[in-house]
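One structure is given below, encoded as C-alpha cells.
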Amino acid sequence: MAKQKTPFSFQVRVIHRYLGYFLSGIMMVYAISGIALIFRKTDALKKEVITETKLNTNLKVDELATALDLKLSLEKEEGNVLYFENVTYNQQTGLATVKKMEVPFVLDKMQKLHKATTKDPLFYLNIFFGASLLFFVLSAFWMYTPTMPIFKKGMYFALGGAVLTILLLFV
C-alpha cells in the first residue's frame, strides 16, 4: 500500500502549533519586559540604589564626572562638599555618593532582550524570535482555505491590526 502524502497546509499547522508552544515562554518574557519598558522614564517598578565610592581627593568636576562615568553639573558647594543632581562628593575625604533609581535585577536582565545588539549573544535569540514571529504571521494564512468564511473574516482582522498599528505610529 502506498503511503499517502500529508498536505502542506497540515504540515504548516503542526509546525505552527509546536513552535507556538515553544515560543510561549519567550513571548511571556518579552511581553512582561516590554510593558515594563514603557515606564522606563518614570520611577515605576524602580528602587533607589545608593553607592558610595572612594575616589581621589580634590577632584575637579570634569575629573569626577570621568571617574563616575556620569554627566555632572554643579548645583551647589558647601564647604568641602560638592552637590550635583543625585551625586555628592566630599573633596576632603574623596567619598562620592551616587543615588540611582534602578529596576530590580531580574527585570533589568529581561529588558536587555529588547536592547540587544549584534555584539550581544541575545542577538541570536532576537533573530530567531523575530523570524519565528514572521513564520507565525505567514503560517496563519494556511490554517484555513481562502474559500472559507473564517479565512475572509481573518483577513479583515489582519488588515485591521495593520491599519491600527500604522495609525498609532503617526499619532
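Simple spin-label estimate for L122 and Q4 gives 4.8 nm between the two label positions (7 Å along the Cα-to-Cβ direction from each Cα). Measuring between alpha carbons in the structure, the pairs from K41/K153; K109/K153; K115/K153; K46/K71; K76/K109; K76/K112 lying more than 28 angstrom apart are K41/K153; K109/K153; K115/K153; K76/K109; K76/K112. Remark: the stretch 1-116 is approximated by an ellipsoid whose semi-axes, taken from the C-alpha gyration tensor as √(5λ), come to 55, 13, 10 Å, largest first.
Computed from point charges on the beta carbon alone (+1 for Lys and Arg, -1 for Asp and Glu), the dipole magnitude for the chain about its Cα centre is near 1360 Debye.
Ordered by the number of other Cβ atoms lying within 10 Å of each residue's own Cβ, fewest first, I150, I26 fall into the sequence I150, I26.
With Kirkwood's inverse mean 1/r over C-alpha pairs for Rh, give me the Rg to Rh ratio of the stretch 61-171, two decimals please. For the stretch 61-171, the value is 1.32. Note on the chain: helix-only mean residue ellipticity at 222 nm, from DSSP H runs of 4+ residues weighted -39500 (n - 2.57) and normalised by residue number, equals -17500 deg cm²/dmol. Between S139, L125, V103, the Cα set farthest toward the positive side of the dipole of the stretch 83-171 (charges on each charged residue's Cβ, about the Cα centre) is that of S139.
Since every read-out is calculated from the coordinates, none of them should be taken as a lab result. The structure displayed is predicted, hence computed values, not measured ones. Heads up, the Cβs are rebuilt from the backbone with ideal geometry, glycines too, and the neighbour counts pull from every protein chain shown.
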